[in-house]
Amino acid sequence: MKRGKIFKRVNPVRNSSGVLNPAGINVKPNPAAEQRGIISNGVKYPPVLNVDIKMRSQPSSSPPQLTISVIVPERNGGAKLRKSLSALTQATPPPTELIVVADGDTDESWRIAEEFGAKVLRIPKAQGPARARNLGAREAQGDILFFVDADVVITPDAIHQVEAAFSHDPRLTALFGSYDDEPGETNFLSQYKNLLHHYVHQMSREEASTFWAGCGAIRRQIFMEFGGFDESYRKPCIEDIELGYRLKQAGHRIRLSKSLQVKHLKRWGIISLTKSDFFDRALPWTELILRDKQFVNDLNLRFSSRLSVVLTYGLLLTLIGGFWWPVLFAVTCVLILLLLIFNAPVYRFFLQKRGLWFMIRTLPWHWFYYFYSGLAFAIGLSRSLLFRHRSQKPSLPPAPKGIPDTAQSPECR
């Protein structure tokens, strides 16, 4: 039987010119053959593709940049409005458009907005920031509505932060930030109130359960679909929280961006702080919680805060009862200790930011906050049991009579 030849397998190698050589032999390349894709000297040359090398350096296609419409509701904003608009116009990049809604100005602060080139919408009689923001939203053309209060100052990169957040997360519906830890006013109550707001937001979950319009952004299409803010709130209230609750109930994502911080310029006093916290926040928020039956363990509604309300009322009762039964003073001391323990993180924050004396002065005010929060809940619960509250979801209404069509009126410039 005739045996066949045995062939040794040779792995292909490349010569000095980079040509594949199946036999490992040094083969001189044939440029003409390379162009035609033929066999030369026993080597198969693939055809050369005429590809424009410049195409390699072209960047890959990316989604178009989102446009940002900033909406600022104001009423007699004055110098604070000027500072706010100055920061907005100096942002990098600047907003696509800047809309200022003058809600019943009596000092012609709207003229300040004109100086900065903003589109000005004027409401003859004050109807509240909810109405003002909705009016601005109807006129806005941007993909994202960025609501900024007239007494806050944004950072230069705030517009970029908002645009980047929505561009990188298409499922994100809304986001909001917080006040920074350097309030504009230096008196004690202004420092305390704004630092407490900063702390609460910075310590809360990023996956938020509500919304804040002091520095908050939302996709315009979704905002319009949900009817915007509830205009039954005729003064600065919880219209932003209410909108956030509706968004979350529908399954939308809201994010608390802890890096998006703004400086608050508002000056707080004893009367203004107590009135705002009790009548404009605590009471309507309680009604909203009872309406939607939602006790979310986040922001001001965390379990430690609710427990502190109970401890505060226990402290008050034992302190009063101690004048008849002195033994109750011992219980008072225990309750004070528990309040200090449960709120140790925020008191430590005050200590680090402003020192020991500042922290000591915050104690009665913080406990007073728990007192009127508990009182507001009791009043709200009583009302819910005695009266039947409207729970209809609002819709974004057309401009009512008395507010001219902003597309044609000389009042809107």
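The values are calculated or read from the model by the stated rules, or taken from the named source; none is laboratory data. Here the structure is a predicted model, which is why all the values come from computation and not from measurement. Cβ atoms come from the backbone with ideal geometry, glycine included; neighbour counts cover every protein chain shown.
Scanning the stretch 241-288 for residues that are free of Cβ contacts under 8 Å to residues at least 40 places away in the same chain and hydrophobic (A, V, I, L, M, F, W, C) turns up LEU243, ALA250, ILE271, PHE279. Regarding the stretch 112-121, can at least one residue be identified that is in the same structural domain as LEU85 (by TED's automatic domain parsing), buried (at least 22 other Cβ atoms within 10 Å of the Cβ) and not hydrophobic (A, V, I, L, M, F, W, C)? Looking for residues that are in the same structural domain as LEU85 (by TED's automatic domain parsing), buried (at least 22 other Cβ atoms within 10 Å of the Cβ) and not hydrophobic (A, V, I, L, M, F, W, C), one finds none in the stretch 112-121, hence no. For the stretch 279-316, taking the residues that are among the aromatic types (Phe, Trp, Tyr) and modelled with pLDDT under 90, the one that is farthest from GLU242 (Cα to Cα) is identified as PHE303.
Taking the stretch 207-249 as the range and being outside any loop (DSSP other than H, G, I, E, B) and of a type in the set (Val, Ile, Thr) as the test, the residues that pass are ILE218, ILE222, ILE241. Listed by position, the helices (runs of 4 or more DSSP H) contained in the stretch 95-187 that have at least 3 residues being under 21 Å from LYS266 (Cα atoms) are 110-115, 129-139.
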